[in-house]
Amino acid sequence: MLDPAVLARLAGLRLRVRATVEGVLTGLHRSPHHGQSVEFSEHKEYAPGDELRHVDWKVFGKSDKYYVKRFEQETNLRAWLVVDSSGSMGYRGQDDRLTKLEYACTLAGTLAHLLVRQQDAVGLAVFSGEVTGALAPRAEPSQASAVLEVLESLEAGGGTSLASAVRFLAERARRRSAIVVLSDLLDRDEKVLRLVADLRRRRHEVALFHLLDPAEIEFPFDDPTLFLSMEDDRSVEARGQDVRKGYLELLAAWLEEVRRTCGENDVDYVRVRTDQPLDEVLLPFLARRERSAA
């Protein structure tokens, strides 16, 4: 699932969050916790219980008051990869193309590899109508293999309920985390975009990879066609050329709403066509986050 050529091209980039994150291990990301470190942050007036070894005696000599040094420590990122495995993710417009789920798993697996390589903690949550599988975030070298093992076993099926994943993360992602959602967003719940924004309001760093097959974007159907739902028993029979214009107008309006809602809520939005090379999707995403974290 991991293309060595793609990983080689990504080798110079680090996935870093834009905001201060919490954690317990030394890594690449700033933390709001204060402790002993090489980088000085600020002074605070001494209070009973503060360690005497942190008293700044030079300041005491000038002011005759006790102040202790506080330091800004570095900590690792806690990331959750949230993968939609619902029935609609099994769609592929052409036989030689990856399904949306296969593409999502490849993206998630590559990100897991990169995160673990830089000693960040990565976890996984898989959902369809409910959360069907999960791994708690860990920074261990074996975690990437564990994530890949789960991803390789996935099969598309069932309805879509992003709400189930949001509830799951609300219970388990109590610390500020980076949350990467990979989904086609074909959820019957009209509040699906509000759910993604709610993750951001919980002070998480949120990125949304919106996966669509080229056939869903271009609608290359002309003849009478029976369109079957991949998540329930609904079906529609229509001449493609008769419904194309209306479909494309609705699609454009929906995509604009997704883009606008993500922008208004500071969600990093990446629209993905499943015929795009993987590195063309990941390189701009990682470079953008690298710049914003600088």
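Please find, within the stretch 253-294, the residue that is surrounded by the fewest Cβ atoms within 10 Å (Cβ to Cβ) out of those that are among the aromatic types (Phe, Trp, Tyr) and in contact with a strand residue (DSSP E or B) (Cβ under 8 Å, 6 or more places away or on another chain). Once the filter is applied, the top-ranked residue is 269. Inspect the stretch 201-215 for any residue being free of Cβ contacts under 8 Å to residues at least 12 places away in the same chain and small (Gly, Ala, Ser) and give the result as yes or no. No; the residues of the stretch 201-215 include none that is free of Cβ contacts under 8 Å to residues at least 12 places away in the same chain and small (Gly, Ala, Ser).
The set of residues in the stretch 84-143 that are among the charged types (D, E, K, R), touching a residue at least 40 places away in the same chain (Cβ under 8 Å) and over 30 Å from residue 217 (Cα atoms) contains only 120. If you filter the stretch 160-176 down to residues that are surrounded by fewer than 18 Cβ atoms within 10 Å (Cβ to Cβ) and assigned to a loop (DSSP other than H, G, I, E, B), you find that the one that is modelled with the highest pLDDT is 175. The set of residues from the stretch 229-256 being in a helix (DSSP H, G or I) and among the polar types (S, T, N, Q) comprises just one member, 241.
For residue 209, the conditions (1) over 27 Å from the mean Cα position of the chain (by Cα); (2) under 18 Å from residue 275 (Cβ atoms); (3) among the aromatic types (Phe, Trp, Tyr) all hold with the exception of (1). If you filter the stretch 177-197 down to residues that are touching a strand residue (DSSP E or B) at 6+ places or on another chain (Cβ under 7 Å) and assigned to a loop (DSSP other than H, G, I, E, B), you find that the one that is farthest from residue 96 (Cα to Cα) is 177. Only one of the numbered conditions (1) in a helix (DSSP H, G or I); (2) closer than 21 Å to residue 85 by Cβ; (3) modelled with pLDDT under 90 is not met by residue 200, and that is (2).
From the list 243, 206, exactly one residue is among the β-branched types (Val, Ile, Thr) and in contact with a helix residue (DSSP H, G or I) (Cβ under 6 Å, 6 or more places away or on another chain). Which is it?
On the way: 243 fails: in contact with a helix residue (DSSP H, G or I) (Cβ under 6 Å, 6 or more places away or on another chain).
The unique qualifying residue is 206.
Could you tell me whether the stretch 89-109 includes any residue that is in a loop (DSSP other than H, G, I, E, B), aliphatic (A, V, I, L, M) and surrounded by fewer than 24 Cβ atoms within 10 Å (Cβ to Cβ)? Within the stretch 89-109, one or more residues are in a loop (DSSP other than H, G, I, E, B), aliphatic (A, V, I, L, M) and surrounded by fewer than 24 Cβ atoms within 10 Å (Cβ to Cβ).
The values are calculated or read from the model by the stated rules, or taken from the named source; none is laboratory data. This is a predicted model, so every value here is computed, not measured. Don't worry about glycine lacking a Cβ; one is built from the backbone with ideal geometry, like all the others, and counts go over all protein chains shown.
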